Every structure is written in structure tokens, then in C-alpha cells.
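The values are calculated or read from the model by the stated rules, or taken from the named source; none is laboratory data. The structure displayed is predicted, hence computed values, not measured ones. Positions of Cβ are backbone-derived with ideal geometry, glycine not excepted, and every protein chain shown enters the neighbour counts. With ligands, DNA and RNA removed, areas are computed over all heavy atoms of the protein, side chains included. Shrake-Rupley method; radii C 1.70, N 1.55, O 1.52, S 1.80 Å.
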Amino acid sequence: MACHAAALLQQHPPPPSPRSLQHSAACASSRRASSWGAARLVRSHLGSPSGASARAARVSSPRCSYYSAAGESPAEALRRVLESPGAHQAPACYDALSARLVGRAGFKVCFTSGFSISAARLGLPDVGLISYGEMIDQGRLITEAASIPVIGDADNGYGNCMNVKRTVKGFIKAGFAGIILEDQVSPKACGHTQGRKVVSREEAIMHIKAAVDARKESGSDIVIVARTDSRQALSLDEALWRVRAFADAGADVLFIDALASREEMQAFCAVSPGVPKMANMLEGGGKTPILSPAELEETGYKLIAYPLSLIGVSMRAMEDALIAIKGGRIPPPGSLPSFEEIKDTLGFNSYYEEEKRYVVTPAQSSSYRSSCYDNTSETRSPGDAKSRTETPQEPVIDILPQLYDPGSTGGRGPSTGMWSRTLRLRITGRDGVQKIDARIPAGFLEGMTKIIPGLAGANIMERLRNAPIDAENPQNGQILLDFEDAMGDRIQVFIE
């Protein structure tokens, strides 16, 4: 691995001068769309899994309607976005609700922010405290709720090259369309903050190669976004060298964090013109100039990240709401959606509509009970018996002769003793609708005690003899059971 890294180092000459970089930026804009498509075609033949293997390993989010209708995997949907015209905005989400809101707002892609997830999940700063397992767990919830492709923030891969491979495979299984890998040392620091340090060139390149290998081994086409923090840690020249090497190692999207001027952004977009670039518009005072989507597209960017908007406004909104509540008020209507709007956003109405497909009406219950009773009590004609014998059926073990033997001693018969009484089962729903009201001869229980004298430690016949009379409705007879199940239905068993 070290030898290959050295070879890659020799392939890249020192970075060009600022004047030549400006000239390259001016010439690159006319080539971007066609070169990205050509580069994708080359990678599809040389570095991507076959169509069959990719389909076999496809991981689709259950709710991602953006690509499920077309039979696409998350990665395929993201690649379709990258190949479409224009620069695409990608707000950062940090939980399932924020991911759903991004999709509802009409964006084509979003990404997870380690900064925001660390804040929302741990209430802690993004300084390398959150773990791989926590990010995977949060990511899985996000991709399940999202309706668009999601790019996951994987920090620095959580270790060496073997850790990077495990991270990539974990993000694929979690349903991510893309993964962002950076070249910081551990513990990492948040972008645009102090104290950032990066690994060596060789190690940074090997991390990207490990990610590409993990993608191939998984039969996936997950989009690899290679990020370098060397602009602030070392220099612009170093950052430009690294992203060019990342592209040659197989990265699909390039990202230099904390570029400090328009000129630096133009110089970045001139590097490896066939590979899409990602811009980071850090809201509220980062090092990178905040440009409009049109300006960023003109510069040469394909993806535009907004990392703090959702977590930032959420924090401010919660603070304002708490101030209002502490003052004896509730948040004003303009800052608080109605309860109906909240329910609609969370899917209550869709849930209620789908639930109606499975509601059992009283008429259906009555019809089912009648059908069951008729099937067990009606007299069969010889023709019916013949047709039944001609139809292959599973073997049936008949234990009724053991339960009731008309010829046995003791004077028991269908009209004597327990056989003259009825076991009644009544189930009433929590809405008051009667679901079941069925009767069977109580003598079956008496016969069952001959086979199982004690059921679950209880003597059935003793319970039958000692069952109290229903005080509220004496006509119901003796109460054997009366309880509510976990669904809130009332289950009653009487001896009549």
C-alpha cells in the first residue's frame, strides 16, 4: 500500500501558480457537463461493480419515494442527481424528522451533519466524541424516513484503512446514497474551527482507496465524497494537490473545506474538471464566502451543503418557545404550526387511511362466527362426505371420542351434567363494538380435563364449579374470565 501511495505522489507535479489557476478555471466551465459524464462512463467499466452484483447488493430506503418508483438504489438516485444540470442544494439533516422535512420541501438530496447530530443526539460539540455506532444508528433512522437520497457524514472513517472499509460497508447497509470521508487525524475537529490537523498525503490517499475497495466488495455504487481539511491545516496548494490525488484514487465528488475566497473556490473547481465539486456554505460566519446557488454553479460547483440552517433555527426556536412558556404564554401562532399541520407532517392522516384497510366491522365478525358455527354444526350429506374424501387434506387427529363417549358409564350425555351447559365467549372492543359472541358446549372442557387435568397449574373443572354469578347481568350465568387484553379489548367467558 505504501508503494502505491508513493507512485501516486510521483504522478502529481507541484500545484500551478495562482495565475495559471485562474486561466484553468476560465477554461473549465465549458467542459464540466460532458467530462463528468465521460468520467462516470470510464468508472462504470473500470471501477464499479457489474449491474447484476450492484442490483444484488442494492440497499433501498423503505420510504424513499424519490427512487423507489424507478427501482433505483439510493446511490443510483444520487448519481442521477449529480448527472442532471445545475448545482443542487443539500440542507443538512440530523434526525428522521428533519430528513423528512427536507424531502417535503422539494430538495433532491440532503446530507447528514456530524456537527448537528453530535449536538442533537449528545448535546456535545463536534470534536470527535460521537462514535461510529451512534452515527450508523442515527443514519439508519434518517434514511428510513427520508424521501430523497442522503449523503452520510462519516468523519475520518473512525480509524485506519480497515476501519474506513468497515465504515463504508456500514453506511451502505444503513441505506446511505453517499459517504463523506475527510483526512483529519483523530480526534477530529469541526470544520471552520481551530485545532485541525490532517494525516499524511499517503495515508489520506490510502483511506480513499480503502473506501473504493469496500464499495467494490459490497457490490454497491455508493458515492464517495472525498474531503480535505488541509486548506486550514496546511495550505491551499496542499489542499489542491490532495483533491486531485483523491480523484485519481476513485473519489466521485471532491470537497475542500474552509476555502477563504472566491479565487480559492475557482481554483478548486479547476482541478479535475471531470469530477463534481461540493461547496460548504457555513451559515452564520464561516471562513468561506456565502454565494448564491447561481454564483456557485457558475464557479463550477455541483453540490451545495448548508450544514447549520436546520439545527440553528431549531435551537433558536426552542429557546424562544421556552422563554414564552416560562413567561406564562405559549409560542405565537406564526412560530408554531397547528396540531393538524403537525399530524400531517408526521403522517397521521396517511396512517389512518391505511389503517382503514384492516378494520374488522361487526358485520364481518358476525358473518365469520356464523360461518364457523355452520361449518361445525350442520349435517353433511353423503355427497358432501364423498367430495371431502376426494380432496387431499392434512391428517386430522380426532380426540372427540376421548372427550365424549355416549356409551360410557356414569350417565353422561349431551343433556346431562356439564354437557347441558354452554361456554360463552364474548369480546368487546375498546370502542364498545362487540367483536365476538360465540358459544360451545361446556362439556368439551370436562372431557379435556381427562387428558390435561391441570392446565397451567389450574384445575379447569374446579374453576367451572366455583365461578361466581355475574352480579351485573345474572342472565349471563357464572363468570369464568373477565379481563382486558393489551389492545384494550374486554374478554369475557361465561358458563350458562
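Asp137 meets each of the listed conditions (1) in contact (Cβ under 8 Å) with a residue 12 or more places away in the chain; (2) open to solvent by 10 Å² or more (accessible area, probe 1.4 Å) apart from (1).
In region 244-262, the condition of being within 33 Å of the chain's Cα centre (by Cα), of a type in the set (Phe, Trp, Tyr) and either modelled with pLDDT of 95 or more or part of a helix (DSSP H, G or I) (or both) is met by at least one residue.
Just one of the listed residues (Ile136, Ile148, Ile130) is more than 23 Å from Leu254 (Cα to Cα) and aliphatic (A, V, I, L, M), and it is Ile130. So is Ile311 of a type in the set (A, V, I, L, M, F, W, C), open to solvent by 50 Å² or more (accessible area, probe 1.4 Å) and either in a helix (DSSP H, G or I) or free of Cβ contacts under 8 Å to residues at least 24 places away in the same chain (or both) or not? No; evaluated as a whole, the condition is false for this residue. Scanning region 250-285 for residues that are open to solvent by less than 10 Å² (accessible area, probe 1.4 Å) and among the charged types (D, E, K, R) yields Asp252, Asp257, Lys277.
Ile172 - would you say it is in a helix (DSSP H, G or I) and touching a residue at least 60 places away in the same chain (Cβ under 8 Å)? So Ile172 passes the test. Counting the residues of region 286-308 that are in a helix (DSSP H, G or I) and either of a type in the set (Ser, Thr, Tyr) or surrounded by 21 or more Cβ atoms within 10 Å (Cβ to Cβ) (or both) gives 2. Across region 257-301, which residue is nearest to Met315 (Cα to Cα) among those that are among the polar types (S, T, N, Q) and in contact with a helix residue (DSSP H, G or I) (Cβ under 9 Å, 6 or more places away or on another chain)? Looking at the filtered set, the residue picked out is Thr288.
Wholly within region 91-154, which helices (runs of 4 or more DSSP H) include no fewer than the required count, namely at least 2 residues that are aliphatic (A, V, I, L, M)? I'd like the intermediate steps shown before the answer.
Working: elements: 96-104, 114-117, 132-145.
The qualifying helices (runs of 4 or more DSSP H) are 96-104, 132-145.
Only one of Lys216, Lys197, Lys188 is over 20 Å from Cys93 (Cα atoms), surrounded by 21 or more Cβ atoms within 10 Å (Cβ to Cβ), more than 22 Å from the chain's Cα centre (by Cα) and touching a residue at least 12 places away in the same chain (Cβ under 8 Å). Can you tell me which? Break it down stepwise before answering.
Numbers: Lys216 fails: surrounded by 21 or more Cβ atoms within 10 Å (Cβ to Cβ); Lys197 fails: surrounded by 21 or more Cβ atoms within 10 Å (Cβ to Cβ).
The conditions single out Lys188.
Report yes if Glu283 is on the phi < 0 side of the Ramachandran plot and either in a helix (DSSP H, G or I) or in contact with an Asp or Glu (Cβ under 6 Å, 6 or more places away or on another chain) (or both), otherwise no. So Glu283 does not fit the description; no.
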